[in-house]
């Protein structure tokens, strides 16, 4: 190893750190509020050193002006933010599913602090987001994040600008897929709620003198949680397969 670094190596390391550092600011897992900023910074710095020999051939030459350097550095920061935001946006499918399930099981008023978002959310949403993040790391899916950031230097070379039009299209498509997946994950509870409410409506019409609301309120929670517990395994499998397919677009 050399005991010194050339100017080109220092500038190349700054370019790599700009993309990886901004990527670590928003990517699921590393960027959560419970992770100290010092840990994120150290992780990005170590990752930059580890990937420098691999990414050095993809780096541009040092610009002749300060404006050119600033342009390339800002472009790399934006590139890392966009890639990380795409991965984070898709995780919101669990939040959508959690909100739908909370509404259908009348648990939407039960609020807890979500450690991933640092704000109060429905208890089912908090539970699903924690389960989704755990499944990502247990299944080693986070390794695809690192492979994706390396592959991004081939798809989007450093110093060549940011394709904002393509990223806008991809973000809109990702948000549509996120909401669709959230509804699909909550489908068992939606079907149960539809059948249950129709049945209770028929009972109320047959026996109008019976105060059915007081009888079905606890049953709605108990049966809804039972259906949710039985379908949790399927929700996890569908979620991880869809997320792996989404993340594999970068590899």
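Throughout, read-outs are computed from the coordinates displayed, never taken from laboratory work. Predicted model only: the values in this text are computed from it and were never measured. Cβ: placed from backbone, ideal geometry, glycine included. Neighbour counts: every protein chain shown.
Data overview
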item	result
Order of 231, 65, 248 - criterion: other Cβ atoms within 10 Å of each residue's Cβ, fewest first	65, 248, 231
Fewest-first ranking of 240, 189, 49, using other Cβ atoms within 10 Å as the exposure measure	49, 240, 189
Percent RCO, i.e. relative contact order, over the chain, from Cα pairs under 8 Å lying at least 6 residues apart	24 percent
Taking segment 145-251 and dividing mean pair separation by its residue count, relative contact order in percent (alpha carbons under 8 Å, at least six apart)	53 percent
Between helix 37-55 and the chain: long-axis angle, C-alpha atoms, 0 to 90°, nearest 10	50 degrees
Packing-based order for 125-135, 173-183, using average beta carbon neighbours within 10 Å, highest first	125-135, 173-183
Angle in degrees between helix 187-206 and the longest Cα principal axis of the chain, rounded to the nearest 10	20 degrees
Residue exposure sequence - 23, 17 - by fewest surrounding Cβ within 10 Å	17, 23
Folded to 0 to 90 degrees: helix 142-155 orientation relative to the chain principal axis, Cα	50 degrees
Globularity index of the chain, i.e. its alpha-carbon radius of gyration over 2.2 N^0.38 Å	1.31
